[in-house]
Amino acid sequence: MKHLDVTNLTKSFDPTSAPAVDNVGFQLEQGEILGLLGPSGCGKTTTLRMIAGFEKPDTGEILIDGSDVTGLPPEKRRIGFVFQDYALFPNRTVLNNVIFALHRKRRSVRTERARELLEMVGLTREADRMPFELSGGQQQRVALARTLAADPALILLDEPFSNLDAALREATRRDVRTLLKCAEMSAILVTHDQEEALSFCDTVGVMHAGAIEQIGTPETIYLEPETSFVAQFLGRANLMRGHARGSVAETDLGTIPITPNAEGPVLVSLRPEHIALETTGSSPSAAEIVSREFRGHDLTYRVRFNRSEYVVHTEFTRDLPPGSVVRLAPRRPAVVLRETGLCRRSSTGVGAIAEIPRWIPLR
Ligand code: ADP
Ligand code: MG
């Protein structure tokens, strides 16, 4: 039995347009952190609100430890919610914010338990301060302590780090992940930030237009995307058309290894850091560096070859000026995506591949 089992969740706000959440299903183990990752408006918050009980699904079921909570009000579900804006009581001290959430516990144990929780989130010394005296990251940790105080079976976090500036965001998300893991707490994190989802979650569901397009470990969704949307939402991707013959495909880049094996017309994805730049004398397979962008930890090049342009990331030691003649060498097999001219239908009856340019830049 899974800790959380969500099946066929669907929600329409407007009957004339596509559902905000369309047949979403996934499962969660006790202690697992799941991410729902996708662009703004793809249905992440609505999914979370249905699980919490703030929104009633049109169809679908939500089971917690095997019992159906779909019809229960939020307070009967043992689910904690952490929002982007912390939602602390501004006129109560940090300690009293946490104590407030312990109202179901006996009065005599409340203070002690609240202090334990503050210790757990590393805020012992801030107990008597007011929320406005704390940094955003500290406030978010108070919010987490308060949520943990209610002893939930599951915690839902909706973009909890997006109000924090970059440096604090990374540290806070590391702290919060450690805390959730120490407490063996199951959680769902909603975010539009791919790096956050990859680093914070054990499993990530990539959402697109109300549906989960792919779900898997961070490594799987990044390294083995199934669709061009997933390939491009998780980072940059060089998309190429080709003709597959088993473990290789003929593409504009030459005959390159692919995974999984395929036959016939394919669309494949190769990440910029999975292409090496080899310096070469002028050879028939020569490509030319069009531009170079220094990014501190790595370098981003645009490289022209056979009338197409490719994005390539190399480590900082591989510093080549624009105009350099190079050879493009895949370091990993290109990943075969689900949409090919053969298997995906579009409304015109023609494969969607005709609409996909050879190289699609992201953002
Ligand atoms: P996300 O959290 O991924 O940005 P949401 O779940 O908030 O997306 O929204 C999904 C879609 O549902 C959007 O098109 C949004 O406008 C719509 N929507 C969300 N909540 C409501 C609501 N209460 N009434 C009408 N439309 C809504
Ligand atoms: Mg949202």
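The values are calculated or read from the model by the stated rules, or taken from the named source; none is laboratory data. This one's a predicted model, so the numbers in the text were calculated from it and none came from an experiment. Ideal geometry is used to build each Cβ from the backbone, glycine not excepted, and the neighbour counts take in all protein chains shown. Ligands, DNA and RNA are excluded from the accessible area calculation, which covers all protein heavy atoms including side chains. Shrake-Rupley method; radii C 1.70, N 1.55, O 1.52, S 1.80 Å.
A few points about this structure:
- Cβ-derived FRET efficiency at R0 22 Å, residue 209 paired with residue 87, nearest 0.05: 0.15
- Dipole in debye (nearest 20) - the chain, about Cα centre, beta carbon charges: Lys, Arg +1; Asp, Glu -1: 420
- Multiplying the residue separation of residue 128 and residue 162 by 0.36 nm and subtracting their alpha-carbon distance yields 9.6 nm.
- Cut-off 17 Å (backbone N to label point 7 Å along Cα→Cβ of residue 318), residues of segment 216-245: 236-239
- Residue-wise HN-Hα couplings along segment 316-331, as the Karplus relation 6.51 cos²θ - 1.76 cosθ + 1.60 with θ = phi - 60° gives them from phi, are 4, 6, 8, 9, 10, x, x, x, 4, 9, 9, 10, 8, 10, x, 9 Hz; Gly and Pro carry x.
- Database remark: amide H of residue 207 closer than 5 angstrom to the amide H of 37, 38, 213 (H placed geometrically; neighbours at sequence offset of 5 or more, or on other chains; Pro and chain starts carry no H).
- Cross-link partners for residue 56 among the lysines, with Cα-Cα distance under 25 Å and sequence neighbours closer than 8 places in the same chain left out: 2, 11, 44, 76.
- Residues whose amide H falls under 5 Å from that of residue 287, counting only those 5 or more places apart or on a different chain, are 326, 327, 328, with hydrogens built in the peptide plane.
- Taking the accessible area of the chain, probe 1.4 Å, and keeping the other protein chains in place, the carbon and sulfur fraction comes to 50%.
- Gain upon complete extension [residue 243, residue 171; 0.36 nm per residue less C-alpha separation]: 21.4 nm
- Judged by the mean number of other Cβ atoms found within 10 Å, the most tightly packed of the peptides 185-197, 123-135, 21-33 leads the ranking 185-197, 21-33, 123-135.
- Most mobile listed residue (230, 204, 326) in the chain, GNM with C-alpha springs under 10 Å: 326
- Computed E for residue 107/residue 202 - FRET, C-beta separation, R0 45 angstrom, nearest 0.05: 0.75
- Segment residue 72-residue 23, extension gain: residue separation times 0.36 nm, minus the distance between their alpha carbons: 15.6 nm
- Over the chain: helical MRE at 222 nm, DSSP H runs n ≥ 4 each giving -39500 (n - 2.57), nearest 500: -6500 deg cm²/dmol
- Square roots of five times the Cα gyration tensor eigenvalues for the chain, Å: 45, 26, 15
- The residues of the chain present an accessible area of 48 Å² per residue when probed at 1.4 Å with all protein chains retained.
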